[in-house]
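Okay, structure first, notes after.
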Amino acid sequence: MELLWVLVLSLVSLGVLFLLCKLIGKQQIAQMTAFDYVNSITIGSIAAELATNLEEWQKPLTALVVYGAATAAVSILCCKSMKVRHFVNGTPMILYRNGILYKKNLAKGKLDLNSFLTQCRLAGYFDLSQLETVILEPGGQLSLLPKGSERPATPKDLSLAVEPESLWVSLVLDGQILEENLSTAGYDRQWLDRQLHALDLHSLSQVAYAACNGQGKFFACKAEKDTTWKDFF
């Protein structure tokens, strides 16, 4: 009976966690503020307590709901108030600009010079003279603005005319035709068959993925069951 009760409480804990995650919203770990990170650890600990506290499960459940509601409330306030947003999330800080390194801002961001240089190198800049400005974002990431002479050339720089970009629409996934997507893209099954046959794909079981974009470009890749290539990684 005790094991059954643990199973029930574990499912309740998972269900509450799922609802809280939906309430709080989508956010990657790299985008978390210090407040979000501490709350996520605390909520996880309370959820574990809820799954194993058979005698007083109401207490961790209440705490879980309170922490989740508080996190959601702070998130809503951050969206509505710039002052709250700056207080909770912090503000971006300039660390480097026009050959000047701002050590005071490095100290505020708890970032030493070696870590700063490492992150610049990871972004592909081994020479600081290539950079115009480096900003420390509230989430801890560095935003790097290269000098105009160091940034990659664009088609506009070269006076080249390029086709407009558009989203690619998935038409076939794992051998299954996505009929709604095919219709939305303005094509039918006959058109899809012609495109696949042109690529020597005569059966849907051969197709792992197929898609098209707004300019009518078509792409498909074959599903290969046998491992014929060595693992290079």
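Using 0.36 nm per residue, how much length does the chain from VAL84 to HIS197 gain when fully extended, once their Cα-Cα distance is taken away? Mind showing how you got there, number by number?
Values: separation 113, 0.36 × 113 = 40.68 nm, distance 5.83 nm.
Working it through step by step, the gained length comes to 34.8 nm.
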Reciprocal of mean inverse Cα separation for the chain (Kirkwood radius, Å) = 23.8
Counting each DSSP H run of 4 or more residues in the chain as -39500 (n - 2.57), what helix-only mean residue ellipticity at 222 nm follows after dividing by all residues, to the nearest 500 deg cm²/dmol?
-> -14500 deg cm²/dmol
The exposure ranking of TYR37, TYR67, fewest beta-carbon neighbours within 10 Å first, is TYR37, TYR67
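Grab the Cα-Cα distance for ASN181 and THR133, subtract it from 0.36 nm times how many residues apart they are, and report the gain in nm with one decimal. Please report the intermediate quantities before stating the final value.
Values: separation 48, 0.36 × 48 = 17.28 nm, distance 4.35 nm.
Additional length available on full extension: 12.9 nm.
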Rounding to the nearest 20 debye, state how big the charge dipole of the range 93-146 is about its Cα centre with +1 on each Lys and Arg Cβ and -1 on each Asp and Glu Cβ.
-> 220
Charges only on Cβ, +1 for Lys and Arg, -1 for Asp and Glu: so what's the dipole of the range 151-207 about the Cα centre, in debye to the nearest 20?
-> 220
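What is the dipole size for the chain, taken about its Cα centre, with +1 at each Lys and Arg Cβ and -1 at each Asp and Glu Cβ, in debye to the nearest 20?
On the way: 21 positive and 22 negative charges, 236 e Å.
Taking the Cα centre of the chain as origin, the dipole is about 1140 debye.
Report the rotationally averaged projected area of the range 169-222 based on its alpha-carbon convex hull, in square nanometres. Provide the component values of the computation, followed by the final result.
On the way: hull surface 12.1 nm².
Convex hull of Cα atoms, orientation-averaged projection: 3.0 nm².
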Filtering the chain for DSSP H helices with an axial alpha carbon extent of at least 27 Å and a Kyte-Doolittle mean of at least -1.0 returns 2-24, 34-52, 58-80
Net lengthening on full extension, GLU150/LEU173 (0.36 nm per residue, minus Cα-Cα) = 4.2 nm
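None of the figures in this text is laboratory data; all of them are computed from the coordinates on show. In this text the structure is predicted, and so the values were computed from the model without any measurement. All Cβ positions, even for glycine, are placed from backbone atoms using ideal geometry, and neighbour counts span all protein chains on display.
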